[in-house]
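Report on one structure; see the data block that follows.
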Amino acid sequence: MELPEVEVVRRDLEKDVVGRRIRDVDVRPQRNAMRVIRRHARRKEFSDRLSGRKITRVDRKGKYVLMFLDDGDVLVVHFGMSGQLIRGTKRQAMAPHTHIVIEFVQGGDLRFIDPRTFGEMFVTAGDELGKVKELDHIAIDPLEDTFTWQQFSAELARRASKLKPLLMDQKFISGLGNIYSDEVLFAAGLRWDRMSDSLSSQEVRRLYRAMREVVQEAIRYRGTTLDDEAYLDLYGKPGEFQAELKVYGRKGLPCRRCRTPIEIVKVSGRTSYYCPQCQS
């Protein structure tokens, strides 16, 4: 999951679960369920901190979803590569790899499904959030109003790195993975191997604008769901942005802008897509 998908889920949770009280939490008996709650020693320790609590608000920090509870604790969710949060009811059968089920007093439940178990859930005190090392680094968030192009320009110059690996660096920018870094670079008209300290102020502004616009557009289309369906929204539905992708996954197809065939290159072991004509 990349930032747009996490933000879609956060917004869905904000509408759907804020104000709901948790009746019970079932950490399922399969062995891998303990990997999902690996920061807790026992199933009961995790479920006891949630049972009876009301969800008061839902925030996001990078690719982590934070569900604040009425006792000051926070349920932190990270989706990893294949994690999903799906709303369900007792009438619906459990999908394979359902590890955690949070049942609400007002009916229905919230299920954490993760075939590869790289994702996780844990509960921490609200005033301890700053001590969670994964939440401690402050990366640029493309959706934050405080993120200015001048600040972005200074950071690009300071890093002196190739653009594609830099855009994928979670310590630099939150949540731009392989798909969206390709789309952002195409929208900005910049090659994957341009050095970040070589950009003119006009190119920096193009990149800044492209980053915000691609992320916001992806959220509007409710995220990108590829053939593996690793990403589904809170209601189990795929996103629609995959139909809007300009370069990613389009090797050999004509560029939507200039008709030149899209090419690929390996960058940090990942396949990257670009237009040799439109990106310089």
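Summary table
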| read-out | value |
| --- | --- |
| Computed log₁₀ I(q)/I(0) - Debye formula, equal Cα scatterers, no solvent, the chain, q 0.15 Å⁻¹ | -1.10 |
| Accessible area of TYR273 in the full protein assembly, 1.4 Å probe (Å², nearest 10) | 40 |
| Per-pair calculated FRET efficiency, R0 = 41 Å: ASN32 and ASP169 via Cβ, rounded to 0.05 | 0.90 |
| Loop GluC sites (Glu not before Pro), the stretch 198-277, which have at most 15 other Cβ atoms in a 10 Å radius of their Cβ (DSSP) | GLU229, GLU240 |
| Modelled FRET efficiency - R0 35 Å, ASP24 with LYS251, Cβ distances, 0.05 increments | 0.15 |
| Proximal lysines relative to LYS15, as straight alpha-carbon distance under 26 Å, when same-chain residues fewer than 8 apart are discounted | LYS54, LYS61, LYS63, LYS90, LYS237 |
| Percent RCO, i.e. relative contact order, over the chain, from Cα pairs under 8 Å lying at least 6 residues apart | 18 |
| Largest-first principal axis extents, alpha carbons of the stretch 46-85, Å | 30, 19, 12 |
| Computed accessible area, ILE264, all protein chains, 1.4 angstrom probe, square angstrom | 70 |
| For the stretch 1-155, alpha-carbon Rg relative to the globular expectation (2.2 N^0.38 Å, N residues) | 1.06 |
| Alpha-carbon radius of gyration plus Dmax, which is the widest Cα pair, for the stretch 175-222 in Å | 10.8, 34 |
| The stretch 235-280, relative contact order in percent, only Cα pairs under 8 angstrom and at least six apart counted | 29 |
| Relative contact order for the stretch 13-55, counting Cα pairs under 8 Å that sit 6 or more residues apart, in percent | 59 |
| Net lengthening on full extension, ILE264/ARG91 (0.36 nm per residue, minus Cα-Cα) | 57.7 nm |
| Cα convex hull volume per residue for the stretch 193-264 (Å³) | 130 |
| The stretch 1-83 - convex hull of alpha carbons, volume per residue in Å³ | 98 |
| Test item: Cα-centred dipole of the chain, Lys/Arg +1 and Asp/Glu -1 on Cβ, debye | 460 |
| About the Cα centre, charge dipole magnitude for the stretch 1-123 (Lys/Arg +1, Asp/Glu -1 at Cβ), debye | 280 |
| Degrees, to the nearest 10: 178-188 long Cα axis against longest axis of the chain | 40 |
| Sparse-neighbourhood loop sites, trypsin sites (Lys or Arg not before Pro) in the stretch 1-70 - DSSP loop, at most 10 other Cβ within 10 angstrom | ARG31 |
| Degrees, to the nearest 10: 3-16 long Cα axis against longest axis of the chain | 40 |
| Accessible surface of the stretch 37-88, 1.4 Å probe, proportion on carbon and sulfur as whole % | 47 |
| Over 16 Å [Cα-Cα, the stretch 153-250], rounded percent | 56 |
| Euclidean distance of C-alpha centroids, the stretch 49-92 and the stretch 204-220, integer Å | 27 |
| DSSP-loop trypsin sites (Lys or Arg not before Pro) across the stretch 105-177, with at most 12 other Cβ within 10 angstrom | LYS171 |
| Cα Rg, Dmax, the stretch 1-46, angstrom units | 13.9, 33 |
| Extreme residue, positive dipole direction of the stretch 12-63, given options SER47, ASN32, LEU13 (C-beta unit charges) | ASN32 |
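The values are calculated or read from the model by the stated rules, or taken from the named source; none is laboratory data. Please read these numbers as outputs of a predicted model, since none were measured by experiment. Every residue, glycine among them, receives a Cβ derived from its backbone with ideal geometry; neighbour counts consider all protein chains shown. Surface accessibility is based on the protein's heavy atoms, side chains included, excluding ligands, DNA and RNA. Shrake-Rupley method; radii C 1.70, N 1.55, O 1.52, S 1.80 Å.
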